[in-house]
1. Quick check, is TRP344 hydrophobic (A, V, I, L, M, F, W, C), more than 23 Å from ASP133 (Cβ to Cβ) and in contact (Cβ under 8 Å) with a residue 12 or more places away in the chain?
2. Within segment 169-188, is there a residue that is assigned by TED's automatic domain parsing to the domain that holds PHE272, modelled with pLDDT of 95 or more and of a type in the set (Phe, Trp, Tyr)?
3. Would a scan of segment 238-247 turn up a residue that is surrounded by 12 or more Cβ atoms within 10 Å (Cβ to Cβ) and farther than 13 Å from MET172 by Cβ?
4. I'm checking my understanding of the structure. Among residues of segment 121-146 that are more than 19 Å from the chain's Cα centre (by Cα) and buried (at least 18 other Cβ atoms within 10 Å of the Cβ), which one is farthest from ARG243 (Cα to Cα)?
5. Any residue in segment 86-100 that is assigned by TED's automatic domain parsing to the domain that holds VAL16, free of Cβ contacts under 8 Å to residues at least 12 places away in the same chain, farther than 18 Å from THR56 by Cβ and charged (D, E, K, R)?
6. Using the structure shown, decide if GLN185 is part of a loop (DSSP other than H, G, I, E, B) and under 26 Å from the mean Cα position of the chain (by Cα).
7. Does at least one position in segment 167-186 carry a residue that is more than 28 Å from PRO250 (Cβ to Cβ), surrounded by 24 or more Cβ atoms within 10 Å (Cβ to Cβ) and out of contact with any Lys or Arg (no Cβ under 9 Å at 6 or more places or on another chain)?
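The values are calculated or read from the model by the stated rules, or taken from the named source; none is laboratory data. Remember, it's a predicted structure, so these values are computed and weren't measured experimentally. All Cβ positions, glycine included, derive from the backbone under ideal geometry; neighbour counts span all protein chains shown.
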Amino acid sequence: MSSLLDATLEHLKALVGFDTRNPPRAIGTDGIFDYLRAQLPGFDVKVTDYGAGAVTLHAVRGQPKYLFNVHMDTVPDSPHWSASPHELRVTADRAIGLGACDIKGAAAALLAVANATDGPLALLLSTDEEANDPRCIAGFLGESHDYQAVIVAEPTKAEAVLAHRGIQSVLMRFAGHAGHASGEQKPSDSALHQTVRWGDAALDFVTAQSHERFGGLTGLRFNIGRIEGGIKANMIAPTAEVRFGFRPLPTMDPDQLLQRFSTLVEPAPVEFTETFRGASLPAGDTARAEERRLAARDIADELELPIGNAVDFWTEAALFSAAGYTAFVYGPGDIAQAHSADEWVALDQLQQYAETIYRIVDSGNA
């Protein structure tokens, strides 16, 4: 192993050891942030607590052009882990631990680089990416900062990703009339029947979007995540609740999609509430999105980063793009390992990422 990889793994062992699962959003300004502060001598460090487990650390050394953003929170561990998720295990080719891939491995590499060179470097480490109540990036963007671009770490196999889908989540409710199920029913009687009809119409609508394209992505991603309602088999369901999500292309209008989903059937849902929205990357209309994608590609080329394909998953790079920053995604690991039991990141990916960031920072180009 290289000395830079050795240092990265030492930091990763420490970072994985801190419980930053989200939920339960029980993250404060001590713990992992005490460790991070101690690893950044010579940096101007500001820690901000936005409440509900949303904390940021903004660290700056010198006069960097670019901001490296990494989220430090993880998803909860599943019961299928073969060992403690908070104890890093290192094999011949991988590092295993909760958050190792998504995305504490990148944070560990950045700490290793920060101590291996004294080049200019700016970091923004945050703790609410895995929540549906994002506060960290919104709080940061509420202040004035002068960066030419923001490079957001997520598992992209150490390739620069310039475009990805947006994400929207919706809570919807249908209302019916409780009664005996032996008789003939009108379309409005059963809330569950309304839900089923809506689901059928929604799937047909999504299929009809398969011709839409942007940057190698096609169609509209859609998922009905949860349906609740009804009482028993011989009773007409008076209420039903649906939670669904969809992931539009950068060229799709999110408000028009919401309007379409809310009016697919009659009677219409009695409640239709968007619970989360994340813009696509790049943000903006088609022309503006393409302009921003080309600007991000120019910076990735300047930094000699390999360009990867657009991806289906959402990242906070979209928030920076919507705020006017040139932004793209670049980090070690494979998204297929994120959120999985025995989550892992390949050692060669960690080394490649650490060495690339070192080259950029040490040359003064960061």
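1. yes
2. yes
3. yes
4. Within segment 121-146, the match that is farthest from ARG243 (Cα to Cα) is LEU121.
5. So far as segment 86-100 goes, yes, one or more of its residues are assigned by TED's automatic domain parsing to the domain that holds VAL16, free of Cβ contacts under 8 Å to residues at least 12 places away in the same chain, farther than 18 Å from THR56 by Cβ and charged (D, E, K, R).
6. It is false that GLN185 is part of a loop (DSSP other than H, G, I, E, B) and under 26 Å from the mean Cα position of the chain (by Cα).
7. Looking through segment 167-186, at least one residue is more than 28 Å from PRO250 (Cβ to Cβ), surrounded by 24 or more Cβ atoms within 10 Å (Cβ to Cβ) and out of contact with any Lys or Arg (no Cβ under 9 Å at 6 or more places or on another chain).
Yes or no, residue by residue, for (1) among the hydroxyl-bearing types (Ser, Thr, Tyr); (2) touching a helix residue (DSSP H, G or I) at 6+ places or on another chain (Cβ under 8 Å); (3) not in a loop (DSSP other than H, G, I, E, B):
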{"position": "LEU249", "(1), (2), (3)": "no, no, no"}
{"position": "PHE272", "(1), (2), (3)": "no, yes, yes"}
{"position": "THR275", "(1), (2), (3)": "yes, no, yes"}
{"position": "ARG292", "(1), (2), (3)": "no, yes, yes"}
{"position": "ASP301", "(1), (2), (3)": "no, no, yes"}
{"position": "LEU305", "(1), (2), (3)": "no, yes, no"}
